[in-house]
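Presented below is the structure to which this report refers.
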Amino acid sequence: MNWHAVAAIYRFEMARTFRSIGQSVISPVVSTSLYFVVFGTAIGSRIDTVEGIAYGAFIVPGLMMLQMLMQSVSNAALGIYFPKFVGTIYEVLSAPVSVPEIVMGYVGAAATKALMIGLIILGTASFFVDLQIAHPVAMLAFMILTCVTFSLFGFIIGIWADNFEQVNLIPMLVITPLVFLGGAFYSISMLPEAWQTVALFNPVVYLVSGFRWSFFAMSDVPVGISLVAIGVVLVACLAVITAIFRTGWKLRT
């Protein structure tokens, strides 16, 4: 394993984040603070508790998951798309760097950025609500798994995209609706029985549910199923990326 190559890609991508810290860090934190004001104060004043948990605290895992998914996908997609756009991807492909090393560099940086945002939002939430974490180790594990998995997904999107509009298409039109419909701001047990069944086809439900369990020791679906769901998506993304580099699809043409 060429760790120097992995570190070089990783440092380059992380440096890009700090060059645009306003967009990369401040913007997600400000938007999340607005969610707390709107949902936690305006709506929370009308909803006392959900499953015995204060509504302001109940939405924290959902808000963190929303931002981590968006940041993971967007950062990884832009990270690999920009070298394609300017043509430097050919230098990376021709260098003595293996596919796992390329993926580790780009995906590792994107996952790190998303994890940083998640932790910053967690700190921000403490100013708005009284928050206690029942399983902190499990919470961190869910965060890392989610960030890595969806950074891999974003990496695939970045390779698939032919322009900047397509890079932002999936996060805006797919990820955001799935999170909003995946129980980020409510428990799916509050839905009519038929809609509860429909909600179970949304993969984000399992992510939000498992992550919420790490905070409050309660979930809409068993935690084991949540872990299996993340694992299935992770393996599927790795399989797709392996096939892409083996065939050179969208990379060598």
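The values are calculated or read from the model by the stated rules, or taken from the named source; none is laboratory data. Source: prediction; values computed, not measured. Neighbour counts are summed over all protein chains in view; Cβ atoms, including those assigned to glycine, are modelled from backbone coordinates with ideal geometry.
Selection of segment 176-195 for residues being assigned to a helix (DSSP H, G or I), among the aliphatic types (A, V, I, L, M) and within 14 Å of the chain's Cα centre (by Cα) yields 178, 179. Residues considered: 123, 158, 118. Of these, the only one that is crowded, with 22+ Cβ neighbours inside 10 Å, more than 30 Å from residue 87 (Cβ to Cβ) and not β-branched (Val, Ile, Thr) is 118.
Contact map, segment 146-166: first residue more than 10 Å from residue 107 (Cβ to Cβ), second residue of a type in the set (Lys, Arg) and not in a helix (DSSP H, G or I), Cβ cut-off under 9 Å, separation 6 or more or different chains; pairs are 159/250; 160/250; 161/250; 162/250.
Does segment 236-250 contain any residue that is within 19 Å of residue 67 (Cα to Cα) and touching a residue at least 60 places away in the same chain (Cβ under 8 Å)?
Quick first cut of segment 236-250, residues within 19 Å of residue 67 (Cα to Cα) only: none.
No, segment 236-250 contains no residue that is within 19 Å of residue 67 (Cα to Cα) and touching a residue at least 60 places away in the same chain (Cβ under 8 Å).
Out of the residues in segment 201-218 that are within 19 Å of the chain's Cα centre (by Cα) and surrounded by fewer than 21 Cβ atoms within 10 Å (Cβ to Cβ), which is farthest from residue 135 (Cα to Cα)?
Taking segment 201-218 first, the residues within 19 Å of the chain's Cα centre (by Cα) are 201-215.
Of the ones still in play, those that are also surrounded by fewer than 21 Cβ atoms within 10 Å (Cβ to Cβ) are 201-203.
On the way: 201: 26, 202: 25, 203: 22 Å.
That would be 201.
Taking the stated definitions as given, is residue 114 in contact with an Asp or Glu (Cβ under 9 Å, 6 or more places away or on another chain) and either outside any helix (DSSP H, G or I) or in contact (Cβ under 8 Å) with a residue 12 or more places away in the chain (or both)? Judged against the criteria, residue 114 is not a match.
Scanning segment 13-58 for residues that are surrounded by fewer than 11 Cβ atoms within 10 Å (Cβ to Cβ), in a helix (DSSP H, G or I), of a type in the set (Gly, Ala, Ser) and modelled with pLDDT under 75 yields 22, 42.
Screening residue 205 with (1) outside any loop (DSSP other than H, G, I, E, B); (2) touching a residue at least 24 places away in the same chain (Cβ under 8 Å) gives one miss only, at (2).
Residue 137 meets the conditions (1) over 30 Å from residue 246 (Cα atoms); (2) touching a residue at least 40 places away in the same chain (Cβ under 8 Å) in every case but one. The failed one is (2).
Residue-wise test of (1) at pLDDT below 85; (2) within 21 Å of residue 72 (Cβ to Cβ); (3) under 14 Å from the mean Cα position of the chain (by Cα).
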{"residue": "137", "(1), (2), (3)": "no, yes, no"}
{"residue": "144", "(1), (2), (3)": "no, yes, yes"}
{"residue": "158", "(1), (2), (3)": "no, yes, no"}
{"residue": "174", "(1), (2), (3)": "no, yes, yes"}
{"residue": "197", "(1), (2), (3)": "no, no, no"}
{"residue": "220", "(1), (2), (3)": "no, no, no"}
{"residue": "226", "(1), (2), (3)": "no, yes, no"}
{"residue": "235", "(1), (2), (3)": "no, yes, no"}
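Per the conditions (1) in a loop (DSSP other than H, G, I, E, B); (2) closer than 13 Å to residue 74 by Cα; (3) among the hydrophobic types (A, V, I, L, M, F, W, C), the sole criterion not satisfied by residue 150 is (1).
Among the residues of segment 155-165, is there at least one that is assigned to a loop (DSSP other than H, G, I, E, B), touching a Leu at 6+ places or on another chain (Cβ under 9 Å), under 22 Å from residue 61 (Cα atoms) and of a type outside the set (S, T, N, Q)? No, segment 155-165 has no match at all.
Taking the criterion of being touching a residue at least 40 places away in the same chain (Cβ under 8 Å) and touching a Leu at 6+ places or on another chain (Cβ under 7 Å), the only residue of segment 183-202 that qualifies is 184.
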